[in-house]
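K.L.:
Before I ask anything, let me first share the structure, which is written out below as structure tokens.
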Amino acid sequence: MNQMDEKWNLTRKMVGSDRLSVVMPLYRLAASTEANLKQVAELFESHAIETELVPVDDGSGDGTDAILAHFPLAGFKHVVLKPVVCPRNGGKGTALRAGFEASTGRYVMLLDGDLDIHPAQTPFFFESMAKNESDIVVGSKRHPGSQVQYPWHRRFVSWCYFTLVRLFVGLPISDTQTGMKLFKREVLGPALDRMLVKTYAFDLELLAIAASRGAKISEAPVVIRFGNKFGALKPKVVRQMATDTLAVFYRLRLLRYYAKCLVPKKLDHDPLVSIVIACPRRSWMLDECLAAIAKQSYANWEAIVLPDEDFRLETEDNMSDVSGLKSFASRLRVIPTGKVRPAEKRNLGIREAKGEIIAFIDDDAYPDAHWLEYAVKYFGEEDIGGVGGPGVTPPGDAWLSKIGGRVYDNVLVSGNYRYRYRAGGVRRNVDDYPSCNLFVRKDLLDSFGGYRTDFWPGEDTLLCKDIVDRWKRIVYDPWVIVYHHRRPLFGAHLRQLGRYAFHRGYFCKRFPSNSLHLSYFVPSAFVAGLPFVWWLWPLYAFYVALVLVTTFSFNPLTWALTAAGVVASHVTYGIQFVRGLCAKRAPCEFIGKDHA
């Protein structure tokens, strides 16, 4: 028996009668997916390793999902296939998390789907785990036994990144980015529960969390042949990796976030969620929203649509553009309300709901595939009354709408509230959250009668006030994502912002508990100083510089419009906030054409 056979024997002995789960993220690899899966399956079958192969299609849109659905595993005794399909691309972190949730093995191997590192090297990982009594084994390009064909410029970038990681994060390993890692399940699960990064620094954050919780990490040699696949690194990728890495350092060393992060206890059942959608009429955006709901990873839900006038979803013409919705028709109810405010519509939805949890979403938003799954888990904690998440600008929005999204995402516009408009950030308790993405316990809503109907907009602020006044928490989770279509610059964007500003100013004096915050007054101070700009010009020059820096884009027109949008937003908000602050009452007349 040679040395390699001995290593395979050790691997087989460690896995035993349990399973090795091999999670393989796939993104636009349709041309090689079948061949790669076959290689992996045949390898573990030939060595009689009990294996659970979990390929994850990360919203490729290139036919990968069809390949997974029909991949043949007949005749395999030791290998089973558990494919996972994510309807939309969410990044490597999202794909690996979905794969882990579907897996069951005691050991979990994360393996890049392109097989740059071949799983034939698996025995070295198990050997390292046994020899070093480690919980995690990472493939390392810098291991003395590694054989790596690597372009010089990639070596330089890798060295720079490794230096940055060592300096700021302090992991006791020489490589974090190699696409093959072996975990003990009991270590990987808690680390994934605390994850925030979804893209380039996912590996780093995962290992940093595990190490901070006492996991022991060792390295194994790898053989990598990159060939000619690597071109120049895009500046956007380098910038994002650096940003994510510094964010991990900030959360790990300064915030101590990972040590304090709330991990909800496991629910003893899957509660029914009633999704309530207030809308004026049927539209392509409502169809898009319903289609995304139909593809949720969490199965126990119903949807209640509340338009002004009745419409039917069951006809072939109506259903043809709502992909995948016909099979869920029994879960959908359309309840016409007449032309009333969104708060009145939602209250009707609450009364009609059968679920333990009410999920509010606007008809001009559509949820991520794991929206329900990631939100529902919090309701095992009795002191949590509500859950919210970011409303991200959809990638398919029109250009001027994307500019509107950039304005909302700007730190000078949203300040401490940027988390509402971008995926990322940390979990936190909030006292005010919009109804475009808000989950609330039904019994809690029933206890105070749901939404107040004498204010619009701003009714969701008062709802959140009622929640926290009953000593319940509202938790923000950056993974509970919806994609919220934006108003285009400038008219529609500023009209919407002006209404919000007026009501915020009015609420500051009438309902101060969750509206009286200093940051809301800043735009009005900016406007108040404009008549004295000649005396205050250094401050305003500094302001202009900040606007230009924070709105920078390589596209000059995008840069100019975003900068102009930021200034216009400040002026509009500042004026309307003061009007609301001075108003004796808030005008809440219904504006039918701009309901959200």
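K.L.:
Could you work out the relative contact order of segment 519-594? I mean the mean sequence separation of Cα pairs under 8 Å and 6+ apart, divided by the number of residues, in percent.
P.N.:
On the way: 35 pairs, mean separation 34.9, N = 76.
46 percent.
K.L.:
Which FRET efficiency, nearest 0.05, do R585 and Y250 yield, Cβ-Cβ r, R0 51 Å? Could you put the intermediate results ahead of the total?
P.N.:
Details: r = 44 Å, r/R0 = 0.87.
After rounding, the FRET efficiency stands at 0.70.
K.L.:
For the pair A545 and T163, how long in nm is the line joining their label points, each one 7 Å along Cα→Cβ?
P.N.:
Those two pseudo-labels are separated by 2.9 nm.
K.L.:
Taking Cα atoms of segment 273-489, Rg/Rh with Kirkwood Rh, to two decimals?
P.N.:
Radius of gyration relative to Kirkwood radius: 0.94.
K.L.:
Which whole-number percentage describes the relative contact order of the chain, with Cα contacts under 8 Å and a sequence gap of 6 or more?
P.N.:
Values: 1080 pairs, mean separation 63.8, N = 596.
Computed over the chain, the figure is 11 percent.
K.L.:
According to a simple spin-label model (label point 7 Å from Cα along Cα-to-Cβ), what is the distance in nm between A102 and N9?
P.N.:
Going from the N9 label point to the A102 one covers 3.6 nm.
K.L.:
Taking one equal scatterer on every alpha-carbon of segment 3-260, how large is log10 of I(q)/I(0) by Debye at q = 0.13 1/Å?
P.N.:
-0.83
K.L.:
To the nearest 10 degrees, how steep is helix 399-409 against the longest Cα principal axis of the chain, on a 0 to 90 scale?
P.N.:
Rounded to the nearest ten degrees, it is 90.
K.L.:
Between V223 and A30, what length in nm is gained on full extension when 0.36 nm per residue of separation is reduced by their alpha carbon distance? Please report the intermediate quantities before stating the final value.
P.N.:
Values: separation 193, 0.36 × 193 = 69.48 nm, distance 2.40 nm.
Gain on extension, V223 to A30, equals 67.1 nm.
K.L.:
How would you classify segment 519-594 from its alpha-carbon gyration tensor, with a ≥ b ≥ c the square roots of the eigenvalues: rounded for a/c under 1.5, else prolate if a/b is greater than b/c, otherwise oblate?
P.N.:
oblate
K.L.:
Among H269, H143, which comes first, then next, by fewest other beta-carbon atoms within 10 Å? Working shown, then result.
P.N.:
Details: H269 8, H143 20.
Result, fewest neighbours first: H269, H143.
K.L.:
What list do you get for T104, T393 if you sort them by fewest beta carbons within 10 Å?
P.N.:
Values: T104 13, T393 20.
Ascending number of Cβ neighbours within 10 Å: T104, T393.
K.L.:
Additional query: So if I average 1/r over every pair of distinct C-alpha atoms in segment 341-392 and take the inverse, what Kirkwood radius in Å does that give? Walk me through the intermediate numbers first.
P.N.:
Details: mean 1/r = 0.0788 Å⁻¹.
Radius from the Kirkwood sum: 12.7 Å.
K.L.:
Are any of the pairs K77/K184; K131/K216; K265/K295 more than 19 Å apart by Cα-Cα distance, and if so, which? It would help to have the intermediate numbers written out before the result.
P.N.:
Values: K77/K184 24 Å; K131/K216 12 Å; K265/K295 25 Å.
Table pairs above 19 Å Cα-Cα are K77/K184; K265/K295.
K.L.:
If a/c stays under 1.5 just call it rounded; otherwise compare a/b with b/c (prolate if a/b is bigger, oblate if not). Do that for segment 375-471, with a ≥ b ≥ c from the square roots of the Cα gyration tensor eigenvalues. Before the final figure, lay out the partial values.
P.N.:
Numbers: a/c = 2.20, a/b = 1.69, b/c = 1.30.
Since a/c reaches 1.5 and a/b is larger than b/c, the shape of segment 375-471 is classed as prolate.
K.L.:
Does anyone have the angle between helix 122-132 and the longest principal axis of the chain? Alpha-carbon axes, 0 to 90°, nearest 10?
P.N.:
90 degrees
K.L.:
If you count, for each residue, the other Cβ atoms within 10 Å and average over each peptide, how do 125-138, 65-78 line up from highest to lowest? Could the numbers behind the result be given before it?
P.N.:
Details: 125-138: 20.4, 65-78: 13.0.
Top of the packing list down: 125-138, 65-78.
K.L.:
Per-residue HN-Hα couplings for segment 572-585, Karplus 6.51 cos²θ - 1.76 cosθ + 1.60 at θ = phi - 60°, whole Hz, x for Gly and Pro?
P.N.:
Along segment 572-585, the couplings run 4, 5, x, 5, 5, 4, 5, 4, x, 5, 8, 6, 7, 8 Hz.
K.L.:
Given R₀ = 35 Å, FRET efficiency for F76-Q147 by Cβ-Cβ distance, to 0.05?
P.N.:
Values: r = 30 Å, r/R0 = 0.86.
With a Förster radius of 35 Å, E is 0.70.
K.L.:
Right, next: Quick one: compute the contact order of segment 3-260, relative version, from alpha carbon pairs under 8 angstrom and 6+ residues apart, as a percent.
P.N.:
Working: 458 pairs, mean separation 54.4, N = 258.
In percent, rounded to a whole number, it is 21.
K.L.:
How large is the Rg to Rh ratio of the chain when both quantities use alpha carbon positions and Rh follows Kirkwood? Numbers along the way, then the final one.
P.N.:
Working: Rg = 26.2 Å, Rh = 26.3 Å.
Dividing the radius of gyration by the Kirkwood radius yields 1.00.
K.L.:
Give the separation of the Cα centroids, segment 413-474 to segment 1-68, in Å.
P.N.:
If you average the Cα positions of each part, the centres end up 44 Å apart.
K.L.:
Between H517 and A560, what is the label-to-label distance in nm when each label sits 7 Å out along the Cα-to-Cβ direction?
P.N.:
If labels sit at H517 and A560, their model points lie 3.4 nm apart.
K.L.:
Let me ask something else about it. When ranked by the protection proxy of mean other Cβ atoms within 10 Å per residue, highest first, what sequence do the peptides 374-382, 495-503 form?
P.N.:
Values: 374-382: 18.6, 495-503: 20.4.
In descending order of packing, they fall as 495-503, 374-382.
K.L.:
Next question. For helix 30-46, report the angle its Cα long axis makes with the longest principal axis of the Cα atoms of the chain; keep it between 0 and 90° and round to the nearest 10°.
P.N.:
With rounding to tens, the tilt is 40 degrees.
K.L.:
How big is the Kirkwood radius of segment 489-542, worked out from every pair of different alpha carbons and given in Å to one decimal?
P.N.:
For segment 489-542, the Kirkwood estimate is 12.9 Å.
K.L.:
A follow-up question, please. Would you mind putting 29-40, 403-414 in packing order, based on average other-beta-carbon counts within 10 Å, highest first?
P.N.:
Numbers: 29-40: 17.9, 403-414: 22.3.
Per-residue Cβ counts within 10 Å, averaged per peptide and sorted highest first, yield 403-414, 29-40.
K.L.:
Kindly provide the helix-only [θ] at 222 nm of the chain, computed as the sum of -39,500 (n - 2.57) over DSSP H runs of four or more divided by all residues, to the nearest 500 deg cm²/dmol? It would help to have the intermediate numbers written out before the result.
P.N.:
Details: 22 runs with 248 residues, N = 596.
It comes out at -12500 deg cm²/dmol, rounded to the nearest 500.
K.L.:
Follow-up question, since we're still on this one. Pop the C-beta distance of Q39 and A130 into the FRET formula with R0 = 22 Å and round what comes out to the nearest 0.05. Intermediate results must be reported in sequence, preceding the final value.
P.N.:
Details: r = 25 Å, r/R0 = 1.15.
In this case the efficiency is close to 0.30.
Every read-out reported here was derived from the displayed coordinates using simple, explicitly stated rules and does not represent laboratory data. What you see is a predicted model; the values in this text were computed from it and never measured. We place every Cβ from the backbone using ideal geometry, glycine too, and count neighbours over all the protein chains shown.
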